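Visitor: Dropping a structure here in structure tokens format, bear with me for questions.
The values are calculated or read from the model by the stated rules, or taken from the named source; none is laboratory data. Treat the numbers as computed from the prediction; the structure is a model and nothing was measured. Every residue, glycine among them, receives a Cβ derived from its backbone with ideal geometry; neighbour counts consider all protein chains shown.
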Amino acid sequence: MESMDLKTELVNGIISNDIKNDVLQSNLEIDPDFVYKLAFYVRSVYKDIDSAIMLLAYCAHNEKAKTKLRRWMSKIIQSPEEVVDLMSVYLDTFGKPIPNSLKRGLADVLSNFWHFPHYSNNGVSYKTVLKLIHPKPLNETRAVTYKCILDNKLDKSFKSKKKSRPIPSGVNVPKLVSIVNDYL
């Protein structure tokens, strides 16, 4: 299958919420940058957080795409809940071991957040993430924050406001593929 056909099929899969594993893997082998750009684009333009996180999980598992994971994670992950979601999707899909590139990328992203709402996804919580990635606190305040998370002392009144919207079904797929190819 030609590269453009694979990209079109991947975008169609995201829109219909029916992504085929072999199509995604083929895209990662041929052009991992396209998959990262697509994740960034659907996250920032369409606010489809779930698809972006799923694409990041597959990138984390692919040898060819791992090298750029940290850089792209900081662009795509925009809330602490998404850190938990990414770890949950990765563990559900691929299990352990967790690649170092994913651990380091999640640690980098976690250092950008100060408020951690009470949130978990399929049994994965901030505590689970911290135990799996072992981030190094950047300062004393961050160390105290991580300790509160590990000691289950998060403010339970601070609830998650995560909202994900699917991509609308009337999108012009060839045009979207072209836009994503030229994006960034």
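Visitor: Tell me which of these VAL23 doesn't satisfy, since it passes every other one: (1) out of contact with any helix residue (DSSP H, G or I) (no Cβ under 6 Å at 6 or more places or on another chain); (2) assigned to a helix (DSSP H, G or I).
Guide: Evaluating VAL23 over (1) out of contact with any helix residue (DSSP H, G or I) (no Cβ under 6 Å at 6 or more places or on another chain); (2) assigned to a helix (DSSP H, G or I) leaves (1) as the failure.
Visitor: Now for a different question. Restricting the search to the range 24-45, which residues are crowded, with 20+ Cβ neighbours inside 10 Å, of a type outside the set (Lys, Arg) and free of Cβ contacts under 8 Å to residues at least 60 places away in the same chain?
Guide: LEU24, ASN27, LEU28, PRO32, VAL35, TYR36, ALA39
Visitor: Restrict the check to the range 54-67 and report whether at least one residue is of a type in the set (Gly, Ala, Ser), at pLDDT below 90 and farther than 19 Å from PRO135 by Cα.
Guide: No, that holds for no residue.
Visitor: Scan the range 69-80 residue by residue and report those that are surrounded by 23 or more Cβ atoms within 10 Å (Cβ to Cβ) and over 10 Å from the mean Cα position of the chain (by Cα).
Guide: If the condition is that a residue be surrounded by 23 or more Cβ atoms within 10 Å (Cβ to Cβ) and over 10 Å from the mean Cα position of the chain (by Cα), then no residue fits.
Visitor: Next question. Is the range 65-81 home to any residue that is part of a helix (DSSP H, G or I), in contact (Cβ under 8 Å) with a residue 24 or more places away in the chain, over 19 Å from ALA39 (Cα atoms) and out of contact with any Asp or Glu (no Cβ under 6 Å at 6 or more places or on another chain)?
Guide: No, the range 65-81 contains no residue that is part of a helix (DSSP H, G or I), in contact (Cβ under 8 Å) with a residue 24 or more places away in the chain, over 19 Å from ALA39 (Cα atoms) and out of contact with any Asp or Glu (no Cβ under 6 Å at 6 or more places or on another chain).
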